[in-house]
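Student: Please find one structure pasted underneath; my questions will follow.
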C-alpha cells in the first residue's frame, strides 16, 4: 500500500534538490544545440549556413529596393530567413524549443517553494504539469520514488537535479540515485553466497 503523504514528501524533496547554476540557461542552450546537431551538422556547417542566410537577406533587400520583389513577397522571404536563423541559433529538440525549456525551468523554483504549503489538489496539478502521465515510478517495497519521467519541456532542467541519473536505454526517465543504490544486484550470478 502506498501512503500518499510519503510520496508527497519525497516528490517535494526531489523538487527542492533542484539547484540551478547561475549559467543554467546557457548550459541548456549548449546541450540542446549539441543534441540537435549531433548527427547532422558541425559548428562549422552551422556557421556556413548562417552566413549563407545573411547573404540571402542582403540580396533580398537589394532586390526589393530595386523593385524586383513586391512588398508581400519581400516580407515573406525576410520572415523565412529570420525563422531559419533562429532555428540555427536554438533549434527544436524532442519537440520542444529552447524558450519552452527556459520557461519551464523558471517555474520550477517557485513550485518547489510552494510545495509544502500547497493543497493536495495544487500538488497534484504541479505533478501533472511537470511529469508525463504515469511518469512517477514508485517502489512499493522500498517505499520510495524510483524514477520520474518529466514532460519534454521540463526534462533538460530536471536532468540537473542532484541525485538522478538518466540511462541510454530509458531516455527521458530519470532514476533516483537512492533507489538505484539500494537495488544494485550482484552482477556475477556464479558468485558464492
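Student: Among the residues that make up the stretch 85-106, is at least one of them surrounded by fewer than 16 Cβ atoms within 10 Å (Cβ to Cβ), touching a residue at least 60 places away in the same chain (Cβ under 8 Å), within 25 Å of the chain's Cα centre (by Cα) and closer than 30 Å to residue 56 by Cβ?
Tutor: Yes, the conditions are met somewhere in the stretch 85-106.
Student: Turning to a different aspect of this structure: Quick one: would you say residue 44 is at pLDDT below 85, in a helix (DSSP H, G or I) and out of contact with any strand residue (DSSP E or B) (no Cβ under 9 Å at 6 or more places or on another chain)?
Tutor: It is true that residue 44 is at pLDDT below 85, in a helix (DSSP H, G or I) and out of contact with any strand residue (DSSP E or B) (no Cβ under 9 Å at 6 or more places or on another chain).
Student: Cβ-Cβ under 9 Å, sequence separation 6+ or interchain: first residue in the stretch 137-159 and on the phi > 0 side of the Ramachandran plot, partner modelled with pLDDT of 90 or more and assigned to a strand (DSSP E or B). Which pairs?
Tutor: Here the result reads none, with nothing in the stretch 137-159 linked to a residue that is modelled with pLDDT of 90 or more and assigned to a strand (DSSP E or B).
Student: Another one. Of the residues 124, 180, only one is closer than 24 Å to residue 100 by Cα and either touching a strand residue (DSSP E or B) at 6+ places or on another chain (Cβ under 8 Å) or not in a strand (DSSP E or B) (or both); which?
Tutor: 124
The values are calculated or read from the model by the stated rules, or taken from the named source; none is laboratory data. The model shown is predicted, which means the values in this text are computed figures rather than measured ones. Glycine also receives a Cβ, built like all others from the backbone with ideal geometry; neighbour counts cover every protein chain displayed.
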